[in-house]
Structures are given as C-alpha cells and as structure tokens.
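Okay, so here's the structure we're looking at.
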Amino acid sequence: LNELKKLYAIATRQNNTFIALSALFARDMSGVPISPISQAAAQEAAAYVGDFVSPVLTDFSLDMDQGLLSLTFDETIRASTLTVSRITLLAARSAVTTNSMSAHTL
C-alpha cells in the first residue's frame, strides 16, 4: 500500500478506486481461472475507507561526516510536507531543555 500512496490520484476516495484483474490472478479449488476484469471495464470499489492514521517515525540515523539525517517512517509521507525547522535534535531524553548545548532545532 505504501507504493500506492505515492500516487496522488489513485485510491484517495471511492470514485478513483477501481480494480482490474487478469485471468492469471487466481483459480478456484477446481483450477478454473477467475473471470478477468479488463481496465476498460474496471470495477469501482464497493466501499472506501480513507487513511486517517498518522505516520510514525520508526528510525533515524545521523551521519555527521556527510551532514545527512535519514528518517524512516512506517508509511509513505509526502516529502514536500516535511518542515525541517520542526525537527529538534537532543543530547538526551528530556521533557525540559536546560540549555542550548543539549538541544538544537534544525
């Protein structure tokens, strides 16, 4: 699904969510292939539930030699929405920053 989320105009609501299937997609228990659905006759989703779950940062790494901060999320995010100035690097876990040496907002 993450690959699908990269495509902005597909599967964002019911009226742009359709499916087409090749006869090679599946067979029944007797080995008979599924009835294909061509792209021209694609079937609209009977129901659609949008994505309302917030992405979660699962990992990050920092390469000081290359000046590279890599962020890994549990789902695809739109890179254009990333606000770098909202990232703060900390010297330790802390609810309170005591001085400028223990935290830095990029």
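For this structure, a couple of remarks:
- Selection from the stretch 54-83 of residues that are polar (S, T, N, Q) and closer than 30 Å to residue 9 by Cβ: 54, 58, 70, 72, 76, 80, 81, 83
- Filtered residues of the stretch 54-71 (kept if among the aliphatic types (A, V, I, L, M) and either touching a strand residue (DSSP E or B) at 6+ places or on another chain (Cβ under 7 Å) or surrounded by 10 or more Cβ atoms within 10 Å (Cβ to Cβ) (or both)): 56, 57, 62, 69, 71
- Of the criteria (1) within 15 Å of the chain's Cα centre (by Cα); (2) modelled with pLDDT of 95 or more; (3) surrounded by 12 or more Cβ atoms within 10 Å (Cβ to Cβ); (4) not aliphatic (A, V, I, L, M), which one residue 51 fails: (2)
- Among the numbered conditions (1) surrounded by 12 or more Cβ atoms within 10 Å (Cβ to Cβ); (2) at positive phi; (3) not hydrophobic (A, V, I, L, M, F, W, C), the only one that residue 74 does not meet is (2).
- Restricting attention to the stretch 1-20 and to residues that are in a helix (DSSP H, G or I) and surrounded by 11 or more Cβ atoms within 10 Å (Cβ to Cβ), the residue that is modelled with the lowest pLDDT turns out to be 4.
- All positions within the stretch 77-97 that are surrounded by fewer than 10 Cβ atoms within 10 Å (Cβ to Cβ) and part of a loop (DSSP other than H, G, I, E, B): 83, 92, 93, 95, 96
- Pairing each residue of the stretch 21-34 that is part of a strand (DSSP E or B) with any residue that is hydrophobic (A, V, I, L, M, F, W, C), provided the two are 6+ apart or on different chains, yields C-beta distances under 6 Å for 21/37; 33/23.
The values are calculated or read from the model by the stated rules, or taken from the named source; none is laboratory data. The structure displayed is predicted, hence computed values, not measured ones. Heads up, the Cβs are rebuilt from the backbone with ideal geometry, glycines too, and the neighbour counts pull from every protein chain shown.
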